[in-house]
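Comments concern the structure below.
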Amino acid sequence: MARDLRLRAATPEDLEWIHELRHRVYAQELGQHAPDPAGRLRDGLDGENVYLVAARGPVRIGFVSLTPPWLGRYALDKYLTRDELPLLTEADVFEVRILTVEPRWRSTAVAPLLMYAALRWIAARGGRRVVAMGRTELLDLYRAVGLRPVGHTVRSGALTFEVLTGGVSELTKVSMDRYRTTVERLRTEVDWQLDVQFAPRPDGCEHGGASFTAIGTDFRTLDRRRRIVAADVLDAWFPPAPGVRAALAEDPAWAARTSPPAGAEGLLAEIAATRELPVETLAVGAGSSDLIFRAFGQWLTPQSRVLLMDPGYGEYAHVTERVIGCRVDRFRLRREDGWRIDPGRLSAAVESGRYDLVVVVNPNNPTGRHAPAAELREVIAAAPARTRWWIDEAYLGYVGLAESLAALAATDPRVVVCSSLSKMYALSGLRAAYLVAEPATAARLRRWTPPWPVSLPAQLAAVAALRDPAYYSDCWLRTHALRRQLATALTALDEAVVVEEGVANFLTITLPSGGPSAARLVSECRRHDVYLRDLSPLSPEYQGRTVRIAVKDAAENTRIVAACRAALEVLRPGAAPRVPLPAGVHSAGSAR
């Protein structure tokens, strides 16, 4: 196949061909449906579901249909009730339907390519499971690609189908393993026009933003940083406190060549004094991710069951699902509820004691919402003794440190509080964080902490930052003002765009249903060197339409607004299509 093989989302002009091909295959060839005099086969989901199309030059050669969960109904509803198939009540299940290829192309890689494209599209919208109907005579083929029968057989016309399901990440892995040579060849041969990367990262998670890629990860072109607006990561817009800069500048050669205190004793003592906590309740690490990996690796096994907030910081799903292999459930946060954690609903979810760990990021990233400490205390107090709680307070400074649950964590063996010093104290590049736990838990984690866990420059900077609370309090207050100004300017761009602020150093914008995807907005803004975060891969709740924007200083916020204005002009219906950016520009996965 040459480069003229194209994968793209269907256009309105494709629908007549899709309906005609469906009629030829499923009415005339297979007898699943009665022939129609008009030679077209339609169903009740047309106009709402998504079609992906394979074409060679101007000739369409195959398609696959996808039904996302936010439609509220599936084709399978015609055959089974939700009580019979409760899988359909889950918020992250996408239906894959009617994979169809023109007869002359059935012996080629078109069908596997369409299925692979479907999995990539679903993953980019936060889908974690697919459901499908597969013809019984092809059951071995479906099993070979990772689909499994759920125990229901349905009859449609002359055909009998098995209801099948599979995890998106597992199916993608099987596809990559089974068709790796074909997929790698097609990477260079296919004109991939979908708004999702052709292939996932090797570990399945996009850590951090894409803006540093534009600057240059080989550090040879660092001058590019002056023209990039890195609003896809949540680094502080303000510089570290003057004392931090002085500590780093005083003797950088000595700080670079000198081994730090092996146990970060000075940093621990400063945290203890500043936060009024016993030093024996503390452990430090090179950023919160260091602590997450270290602690979860000690506590959890593939048999552990974990509850995550959804939407939520993607690193937690990555560690628990992909690294450790835990059984992970999601506690759904809903837009119609203002993304609020309902304490009664959360208590009901955990009361059975089936969870080994519950993770709460508070304020939440990426929703920006804060759950009052008093509400969380009540939920935790009523929870079973066997359930551990991990409270991530990376953005708590933007609410007020009085809302911290650190004092509870210091005495309750079920609670651990993790606090990054990166985002609130403008130290992201230095990597410093701490956690609070009752002394025995903290001691066990310190035993599994290697010596010199935090570099000397990071220790110097963190201690100096903690000694200047007035500077940072002022910066956090100014962040709120900048966020409100940015929200007002973005709201004025388009009345169909929904802007949601939250309480931290970021906000979200949601594009209208039926309009451009979040990925396309992100792509267009990058043409202006403005990098935003597409939240779609984190959760189906975002429906592929929500972008997170970090608050920057006034000048960079102005650039963000200008880039969004230009992007929306290009993306409005009827605007001339733009040439896609090079492969790999779309980000996915974790969102911090």
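Can you find, within the stretch 424-481, the residue that is nearest to Asp392 (Cα to Cα) among those that are in a helix (DSSP H, G or I) and hydroxyl-bearing (Ser, Thr, Tyr)? Checking each candidate, the answer is Thr441. Return a yes/no flag: does the stretch 381-401 have any residue that is modelled with pLDDT of 95 or more, open to solvent by less than 50 Å² (accessible area, probe 1.4 Å), touching a Pro at 6+ places or on another chain (Cβ under 6 Å) and closer than 18 Å to Ser289 by Cβ. Scanning the stretch 381-401 turns up at least one residue that is modelled with pLDDT of 95 or more, open to solvent by less than 50 Å² (accessible area, probe 1.4 Å), touching a Pro at 6+ places or on another chain (Cβ under 6 Å) and closer than 18 Å to Ser289 by Cβ.
When Arg60 is tested against (1) more than 14 Å from Thr100 (Cα to Cα); (2) surrounded by 15 or more Cβ atoms within 10 Å (Cβ to Cβ), only condition (1) is not met.
Evaluated against (1) closer than 14 Å to Thr100 by Cα; (2) open to solvent by 70 Å² or more (accessible area, probe 1.4 Å); (3) of a type in the set (Val, Ile, Thr), Val53 falls short on exactly one condition, (2).
Exactly one residue out of Arg527, Arg548 is out of contact with any helix residue (DSSP H, G or I) (no Cβ under 6 Å at 6 or more places or on another chain), of a type in the set (Lys, Arg) and within 19 Å of Thr479 (Cα to Cα), and it is Arg548.
Residue count for the stretch 167-214, restricted to those that are in a helix (DSSP H, G or I) and open to solvent by 90 Å² or more (accessible area, probe 1.4 Å): 10. The single residue among Pro112, Pro149 that is surrounded by fewer than 19 Cβ atoms within 10 Å (Cβ to Cβ) and not in a helix (DSSP H, G or I) turns out to be Pro149.
If you take the residues of the stretch 502-525 that are at pLDDT 95 or above and within 16 Å of Lys552 (Cα to Cα), which of them is most open to solvent (accessible area, probe 1.4 Å)? Of everything passing the filter in the stretch 502-525, Val503 is most open to solvent (accessible area, probe 1.4 Å). Do any strands (runs of 3 or more DSSP E) lying entirely in the stretch 280-340 carry at least 2 residues that are modelled with pLDDT under 95, and which ones are they? Filter on the stretch 280-340 gives an empty set.
Cβ-Cβ distances below 6 Å connect the following pairs, each with a first residue in the stretch 164-186 that is in contact (Cβ under 8 Å) with a residue 60 or more places away in the chain, a second residue that is in a strand (DSSP E or B), and a separation of six or more residues or different chains: Thr165/Val131; Thr165/Val150. Any idea which of Ala273, Ala283, Ala373, Ala269 is crowded, with 19+ Cβ neighbours inside 10 Å, of a type outside the set (Asp, Glu), without any contact (Cβ under 8 Å) to a residue 40 or more places away in the chain and closer than 29 Å to Asp468 by Cα? It is Ala373.
Starting from the stretch 387-404, take each residue that is part of a helix (DSSP H, G or I) and list its partners that are open to solvent by 10 Å² or more (accessible area, probe 1.4 Å) and acidic (Asp, Glu), counting only C-beta distances under 7 angstrom and pairs at least six apart or across chains. Cβ pairs passing all conditions: Leu396/Glu403.
The values are calculated or read from the model by the stated rules, or taken from the named source; none is laboratory data. Fair warning: this is a prediction, and the values are worked out from it, not measured in the lab. A quick note on method: Cβ atoms are made from the backbone with ideal geometry, for glycine too, and the neighbour counts reach across all protein chains shown. The protein model used for the area step is the full one, side chains on, heavy atoms only, and it has no ligands, DNA or RNA in it. Shrake-Rupley method; radii C 1.70, N 1.55, O 1.52, S 1.80 Å.
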